[in-house]
Amino acid sequence: MEPVQYVETRVLFSALLVGYMANTFLPAHLGEFLRAYMVGKKRSVSSSAVFATIVVERLIDVFTLLVLMALTIIVFPFPDWVKTSGYLSLVGVFVLFGMLVLMKRNREKNVRVDL
């Protein structure tokens with residue numbers, strides 16, 4: 001969050017806990033939107049900017065999981081369907097990452113959404 005605005009760790013942590021709790025009870029990870037809303041309201045930051053940092057956080061999580069999955073596939077023999085699903089996940093992540101890069105490059109064409 002620091003490039004957007006400095007926000008104290010306690011504010012981010014409390015929003016994280018509330019978002020995780022909401023993810024437990026709400027479908028489709030709607031708690032992430034609640035996290036963005038909470039931080040945006042507490043520190044007068046655009047909820048869209050906060051949500052963008054959450055998207056980047058999730059991308060880093062997915063890349064980390066894919067690296068761990070690749071290392072596991074190298075070490076342990078798995079059936080072909082497991083390897084195929086891993087490769088498809090990798091392709092999906094690269095497609096999503098490519099979409100984010102295109103959105104960044106064409107920033108003026110994107111519509112600003114405030115929560």
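Numbers for the structure displayed
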quantity: First in region 62-74 and among the aromatic types (Phe, Trp, Tyr), second anywhere and modelled with pLDDT under 85, Cβ under 9 Å, 6 or more apart; calculated: Phe63/Val93; Phe63/Phe97
quantity: Unmet criterion (only one of (1) modelled with pLDDT of 85 or more; (2) outside any helix (DSSP H, G or I)) for Val113; calculated: (1)
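The values are calculated or read from the model by the stated rules, or taken from the named source; none is laboratory data. As the structure is a computational prediction, the values presented were derived from the model and not from experiment. Don't worry about glycine lacking a Cβ; one is built from the backbone with ideal geometry, like all the others, and counts go over all protein chains shown.
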